[in-house]
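Take a look at the structure below.
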Amino acid sequence: MTAIIEATNVAKMYQLGKDNHVHALRGTTVSIESGEMVAIMGPSGSGKSTMMHMLGCLDKPDSGEVTLSGRRVDTLVNGHLARLRSQEIGFIFQGFNLVPTLSALENVALAAEYAGKSRKEASQMAEEALIKVGLGDRLRHAPSELSGGQQQRVAIARAMVNKPAVILGDEPTGDLDTASSQEIVAMMRHINKTTGTTFVLVTHNPEVGEACDRIITMRDGAVIDDGRAAADNADEAVA
């Protein structure tokens, strides 16, 4: 398989004060293959969220390279990065990040409009995406009229509305109860399997990790296990 998104020897340091800095990433390499569903796990401060920011082009490394679909993206200027994020990468966040004054349909359509679609086309795309996540009967509902699980379904529809190659999730089940969390994980897995969309999920939840093809484990800004051996063993067991 081919790496769809890759960070190679990436380093990132944050200056917190005159004599206080944190090495969030220490020459770290992560490679995600097309069509995979991968979890990035590790204790707080391990660098997993920083790595997601690199893979999602939300931040730039101090050194190293980031590539998406074979193109180097860490050197792009902000305007090009914004277009890339709106068209080729979807994001799911722990707190849903929905606009409270907009309906489910409008929240999802907004992402399509940002990607350059007309209002009419964006609305049609949003409706299709919401139907796929089981919310065809909740198009006009505001976020406050939806449960936490339903709000995250709206967020997933928003992430997938532009048919991105990669969807990144930052603790996508963190604000959900156990039942809703299981439903959301199953939905992401279904989308991954049926559309081939690549998912990369930063999570503390072991059940999320177990649902993925492999788990990348980080500690102190480095990858200590890329999960490939375990994935290969699982494939052999199935065969």
message: Just the residues that are surrounded by fewer than 18 Cβ atoms within 10 Å (Cβ to Cβ) and hydrophobic (A, V, I, L, M, F, W, C), please, taken from region 98-109.
response: 99, 102
Residue list for region 110-126, restricted to those being farther than 17 Å from residue 82 by Cα and either surrounded by 17 or more Cβ atoms within 10 Å (Cβ to Cβ) or not hydroxyl-bearing (Ser, Thr, Tyr) (or both): 119, 120, 121, 122, 123, 124, 125, 126
task: For region 120-147, name all the residues that are of a type in the set (Val, Ile, Thr) and assigned to a helix (DSSP H, G or I).
output: 131
task: Mind telling me which of the residues 110, 58, 105 ends up being hydrophobic (A, V, I, L, M, F, W, C), closer than 29 Å to residue 142 by Cα and under 13 Å from the mean Cα position of the chain (by Cα)?
output: 58
message: I want to confirm something. Restricting to region 171-187 and keeping residues that are among the hydrophobic types (A, V, I, L, M, F, W, C) and part of a helix (DSSP H, G or I), which single residue is farthest from the chain's Cα centre (by Cα)?
response: 179
task: Examine region 62-76 for a residue that is surrounded by 13 or more Cβ atoms within 10 Å (Cβ to Cβ), of a type outside the set (A, V, I, L, M) and closer than 26 Å to residue 204 by Cβ, and state whether such a residue exists.
output: yes
query: Residues of region 148-167 being part of a loop (DSSP other than H, G, I, E, B) and either buried (at least 16 other Cβ atoms within 10 Å of the Cβ) or hydroxyl-bearing (Ser, Thr, Tyr) (or both), which ones?
result: 161, 162, 164, 165
task: Select from region 198-212 the residues that are more than 11 Å from the chain's Cα centre (by Cα) and crowded, with 21+ Cβ neighbours inside 10 Å and list them in ascending order.
output: 208, 212
- prompt: Restricting to strands (runs of 3 or more DSSP E) lying wholly in region 1-81: which have 1 or more residues that are of a type in the set (D, E, K, R) and within 18 Å of residue 197 (Cβ to Cβ)?
  reply: 3-17, 20-33
- request: Examine region 21-43 for a residue that is at negative phi, loosely packed, with under 15 Cβ neighbours inside 10 Å and out of contact with any strand residue (DSSP E or B) (no Cβ under 9 Å at 6 or more places or on another chain), and state whether such a residue exists.
  value: no
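Keeping to region 190-216, report how many residues are assigned to a helix (DSSP H, G or I) and farther than 22 Å from residue 146 by Cβ. Please lay out each step first, then the result.
Kept after step one, since they are assigned to a helix (DSSP H, G or I), are these residues of region 190-216: 190-195, 206-211.
Within this subset, residues satisfying the condition of being farther than 22 Å from residue 146 by Cβ are 192-195, 206-207, 209-211.
The total comes to 9.
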task: Specify the residue that is modelled with the highest pLDDT; the eligible residues are those in region 168-184 that are of a type outside the set (Gly, Ala, Ser) and crowded, with 24+ Cβ neighbours inside 10 Å.
output: 168
task: Within region 18-53, track down each residue that is among the aliphatic types (A, V, I, L, M), more than 17 Å from residue 92 (Cβ to Cβ) and in contact (Cβ under 8 Å) with a residue 40 or more places away in the chain.
output: 24, 25, 30
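The values are calculated or read from the model by the stated rules, or taken from the named source; none is laboratory data. Predicted model only: the values in this text are computed from it and were never measured. Note that each Cβ is placed from the backbone with ideal geometry, even for glycine, and that neighbours are counted across all protein chains shown.
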